[in-house]
1. Only one of Thr126, Thr148, Thr135, Thr115 is surrounded by 12 or more Cβ atoms within 10 Å (Cβ to Cβ), within 17 Å of Tyr61 (Cα to Cα) and at pLDDT below 75; which?
2. I'd like the residue in region 70-87 that is touching a Gly at 6+ places or on another chain (Cβ under 8 Å) and not in a loop (DSSP other than H, G, I, E, B) and, out of all such residues, is most open to solvent (accessible area, probe 1.4 Å).
3. Restricting to region 7-22, what's the tally of residues that are open to solvent by less than 60 Å² (accessible area, probe 1.4 Å) and touching a residue at least 24 places away in the same chain (Cβ under 8 Å)?
4. In region 45-73, how many are under 11 Å from the mean Cα position of the chain (by Cα) and at pLDDT 80 or above?
5. Give the residues of region 93-112 that are open to solvent by less than 50 Å² (accessible area, probe 1.4 Å) and assigned to a loop (DSSP other than H, G, I, E, B), sorted by residue number.
6. Within region 43-60, identify whether any single residue is in contact (Cβ under 8 Å) with a residue 40 or more places away in the chain, out of contact with any Lys or Arg (no Cβ under 6 Å at 6 or more places or on another chain) and among the basic types (Lys, Arg), and answer yes or no.
7. Does Ile90 satisfy the criteria of being surrounded by 14 or more Cβ atoms within 10 Å (Cβ to Cβ) and either of a type outside the set (Lys, Arg) or touching a residue at least 24 places away in the same chain (Cβ under 8 Å) (or both)?
Amino acid sequence: MPVPTSVARKRRIEVAVGKYFANPLVTGLNRIGMMPSLMTEIETVGRRTGLTRRVPVAITYDGDEAWVIAQHGIDTGWGANISATPKVRIRRRGEWIDGQAEIMPDDDVPARVKTFASGKIRSALTASAFHGLQTDPVSVRIRLALDTSTD
């Protein structure tokens, strides 16, 4: 079944934004030790190659869980990777943390996206940015394997 033109257009725009803006921005910020709290990298295993794949994502934390949005669902990109292999790693404060990803198909994506930023204006801007680039969004909860031992 062919992909509708508007969906294909959104995917092309999102790929271009990622390739030419978001990915280089995240890489550059990592190099100089500055990472906005909303952005990080997620590391998955490529479903076809078995190779490690890193992609920048927007993220929010809730205790020992992290939430990300697979903007194009679980049929493409890292969403498909975690469907095949839910073990992931997330960069948090410069360190990689292991986690177990779970697709949350019944989660309210627009409401979840609003939790990614504080305040009405920032929340609305974040929601608009997500909405403008998404095609088939789904929430992904990542249970983090945090070391809670006290030495």
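The values are calculated or read from the model by the stated rules, or taken from the named source; none is laboratory data. These figures come from a predicted structure and were not determined experimentally. Cβ coordinates were reconstructed from backbone atoms using ideal geometry, including for glycine residues, and neighbour counts include every protein chain displayed. Surface accessibility is based on the protein's heavy atoms, side chains included, excluding ligands, DNA and RNA. Shrake-Rupley method; radii C 1.70, N 1.55, O 1.52, S 1.80 Å.
1. Numbers: Thr148 fails: surrounded by 12 or more Cβ atoms within 10 Å (Cβ to Cβ); Thr135 fails: within 17 Å of Tyr61 (Cα to Cα); Thr115 fails: at pLDDT below 75.
On inspection, the qualifying residue turns out to be Thr126.
2. Once the filter is applied, the top-ranked residue is Lys87.
3. Of the residues in region 7-22, the ones open to solvent by less than 60 Å² (accessible area, probe 1.4 Å) are 7-8, 14, 16-18, 22.
The next check asks that each one be touching a residue at least 24 places away in the same chain (Cβ under 8 Å); those that pass are 7, 14, 17-18, 22.
Adding up the residues that qualify gives 5.
4. Within region 45-73, residues that are under 11 Å from the mean Cα position of the chain (by Cα) and at pLDDT 80 or above number 12.
5. Asp107
6. Let us first name the residues in region 43-60 that are in contact (Cβ under 8 Å) with a residue 40 or more places away in the chain, namely 43-45, 58-60.
Next, only the ones that are out of contact with any Lys or Arg (no Cβ under 6 Å at 6 or more places or on another chain) stay: 45, 58-60.
Next, only the ones that are among the basic types (Lys, Arg) stay: none.
Within region 43-60 (the criterion being in contact (Cβ under 8 Å) with a residue 40 or more places away in the chain, out of contact with any Lys or Arg (no Cβ under 6 Å at 6 or more places or on another chain) and among the basic types (Lys, Arg)), the answer is no, since none of the residues qualifies.
7. Working: surrounded by 14 or more Cβ atoms within 10 Å (Cβ to Cβ): yes; either of a type outside the set (Lys, Arg) or touching a residue at least 24 places away in the same chain (Cβ under 8 Å) (or both): yes.
Against the criterion (surrounded by 14 or more Cβ atoms within 10 Å (Cβ to Cβ) and either of a type outside the set (Lys, Arg) or touching a residue at least 24 places away in the same chain (Cβ under 8 Å) (or both)), Ile90 qualifies.
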